[in-house]
Every structure is written in structure tokens, then in C-alpha cells.
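These notes concern the structure reproduced below.
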């Protein structure tokens, strides 16, 4: 099995002066915080915010606003080798709900999530091919609750489908998630406690209720 974390470190060394481009799918500002600081000194980054799984519009807009605020902060500090750009994806929660119809009762991490990953990575791959980016990737592999191996498998499949180069990752390695928490504190980022869809929110509320009832 390929050590994707080691391979990414190798790429960073090899491509440090080549200015290659990545279309990076971002799920939220906290997850993208570490990923952006890790990649931005080597690559030209465009952050794609495409998350129709966030079924409440107010929540979607809040997360999108935080993503833009964090990108602006990095650019203002002059941290990136190239200014990071932001790209708004289309937002239609019905697109997600239609895609997962019949899988509403799946547990988090199950088939419903795999469908969601494919929806988001498929659109990223399509736009990466259309925009002629050198690579596309996703911040989703940073979360300890997300299956990086599955995400990389889907990313590679969608990349092959659209003719785009998927960059495998496991951003949770080398304390990536811990560093994202530290960066979230530093920049005062809003950290949600559920993935995004109404199903994950309901499951999170059940978990909190169970904890409360045990205390």
C-alpha cells in the first residue's frame, strides 16, 4: 500500500519551484486551515467550496463565509507562495438529497457518506479538468471521522472519469487534525460539531442527548 502522506511530502520537495496548480475541494474552514498552510508554500491553490450536503442554507453560508475569511487572512499575511483564490460551487441541497435517497437511515460513515463523497469529488474532478489544473484534492481526508482510503479510491475513479489528476492524501497524518484545531483557535474559526447534512446533525444530537442522560 502506498504511503500517501510520504508521497505528498516527496511531491512538495520535487515541485517546490514549479508552481503547479491544485483545485482543492474544501469542506469547511477548520479542516482546510491545516491543509492550506501545508500546501500553499508550494502550489497555486484554488479552493472550491462545493458542499450541497449542508442542507441548511444558513449553516452553508456561515461555513462558506468562514472559508473565505480564512483564505483572506492567509493572503493578507503573505503566507502563500501564490495568492489563494476562492471558487464558489453551486448550492442546491436537493441535489444531495436526491443522490442519497433510500440511504437516509445509514449510519455516519456508511453508504450515504460514500455517495456524498462521490458527488463532491466528482464535481471537483469535472471542474479541475475543465480548468486544466495540474491536480485536484480534498480536505475531507483530514477528519478523523472520514475514511481517507475510501476518499482516495473515489477521487481516483472520478479523476479517471473526467480526465483530471487526483492527488491522494491523508491530511490527518502528522497531527494534521490537531494542527487544524490549533489554527482554528488562532484565527477564531467557527467549528461545527457535525458534518453538514440533516442526517449527521440528527445523529450528533442523539449522541449529545445520550451523554447528557448518563451524567
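The values are calculated or read from the model by the stated rules, or taken from the named source; none is laboratory data. This one's a predicted model, so the numbers in the text were calculated from it and none came from an experiment. All Cβ positions, glycine included, derive from the backbone under ideal geometry; neighbour counts span all protein chains shown.
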Determine whether residue 150 is surrounded by fewer than 22 Cβ atoms within 10 Å (Cβ to Cβ), under 15 Å from residue 118 (Cα atoms) and in contact (Cβ under 8 Å) with a residue 24 or more places away in the chain. yes
Say whether the condition of being crowded, with 21+ Cβ neighbours inside 10 Å, touching a strand residue (DSSP E or B) at 6+ places or on another chain (Cβ under 7 Å), part of a strand (DSSP E or B) and in contact (Cβ under 8 Å) with a residue 60 or more places away in the chain is met by at least one residue in region 166-174. no
Please indicate, with yes or no, whether at least one residue in region 17-26 is in a loop (DSSP other than H, G, I, E, B), at pLDDT 95 or above, surrounded by 23 or more Cβ atoms within 10 Å (Cβ to Cβ) and within 19 Å of the chain's Cα centre (by Cα). yes
Among 181, 211, which is in contact (Cβ under 8 Å) with a residue 12 or more places away in the chain and either in a helix (DSSP H, G or I) or more than 18 Å from residue 113 (Cβ to Cβ) (or both)? 181
Spot the failing condition for residue 198; the list is (1) at pLDDT below 95; (2) within 22 Å of residue 20 (Cα to Cα), and only one is missed. (2)
Which listed residue is assigned to a loop (DSSP other than H, G, I, E, B) and either modelled with pLDDT of 95 or more or closer than 26 Å to residue 179 by Cβ (or both), from 130, 123, 104, 108: 108
Given (1) within 19 Å of residue 28 (Cβ to Cβ); (2) assigned to a helix (DSSP H, G or I), index of the condition residue 145 fails: (2)
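From 48, 36, which residue is within 11 Å of the chain's Cα centre (by Cα), in contact (Cβ under 8 Å) with a residue 12 or more places away in the chain, crowded, with 21+ Cβ neighbours inside 10 Å and part of a strand (DSSP E or B)?
48
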